[in-house]
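The structure appears right after this line, and notes come after that.
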Amino acid sequence: MSDEDDIEDENVTVSMEISGDYEEVMSKLSMEESGTTSLAPLLDDLETLLETVVRMDGGTRSAIAQKLPDTMSVTFDAQAVVDTLQVLERYDLVVLEGNTWKPGPQLTIEE
């Protein structure tokens, strides 16, 4: 019998007391959300894509892809740009006029 088998057969009980004011105790008990996927990189990329379309005042998918900064989380080629813009179009953030993607009604600032 190995040492590992001996350890697996043993039972262990641990007790702990946490005291303090409510907020302090709750912060100690809160679990990190390490198992969840963060949407921050996606949201940052979407914002950058929209800012690029606005800055260019519209453009073709290839032109937009070329103007995207290197700071994007993932590489956007022309097809990735159009795939993403099609989703944003559903939210009226961009519109397609011919083969040119332009800022949509939700991005238009009325003065």
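The values are calculated or read from the model by the stated rules, or taken from the named source; none is laboratory data. All values reported here derive from a predicted model rather than from experimental measurement. Because the Cβ atoms are built from the backbone with ideal geometry, glycine has one as well, and the counts that use them run over all protein chains shown.
Step by step: first the residues of region 41-81, then only those that are closer than 10 Å to residue 101 by Cβ and among the small types (Gly, Ala, Ser), then the one that is surrounded by the most Cβ atoms within 10 Å (Cβ to Cβ). Which residue is that?
59
Can you pull out every residue in region 82-108 that is hydrophobic (A, V, I, L, M, F, W, C) and either crowded, with 16+ Cβ neighbours inside 10 Å or more than 26 Å from residue 39 (Cβ to Cβ) (or both)?
82, 85, 88, 93, 94, 95, 101, 107
How about region 64-111: which of its residues are of a type in the set (Asp, Glu) and in contact (Cβ under 8 Å) with a residue 24 or more places away in the chain?
Hit for region 64-111 is 97, nothing else.
Which residues, counting only those in region 70-95, are over 15 Å from residue 54 (Cβ atoms) and either in contact with a His (Cβ under 7 Å, 6 or more places away or on another chain) or not in a helix (DSSP H, G or I) (or both)?
The answer is 70, 71, 72, 73, 74, 75, 76, 77, 90.
Does region 12-23 contain any residue that is assigned to a helix (DSSP H, G or I) and at pLDDT below 90?
Within region 12-23 (the criterion being assigned to a helix (DSSP H, G or I) and at pLDDT below 90), the answer is yes, since at least one residue qualifies.
From the list 80, 63, which residue is more than 18 Å from residue 40 (Cα to Cα) and under 17 Å from the mean Cα position of the chain (by Cα)? Full working, then the answer.
Numbers: 63 fails: under 17 Å from the mean Cα position of the chain (by Cα).
Being more than 18 Å from residue 40 (Cα to Cα) and under 17 Å from the mean Cα position of the chain (by Cα) holds for just one of 80, 63, which is 80.
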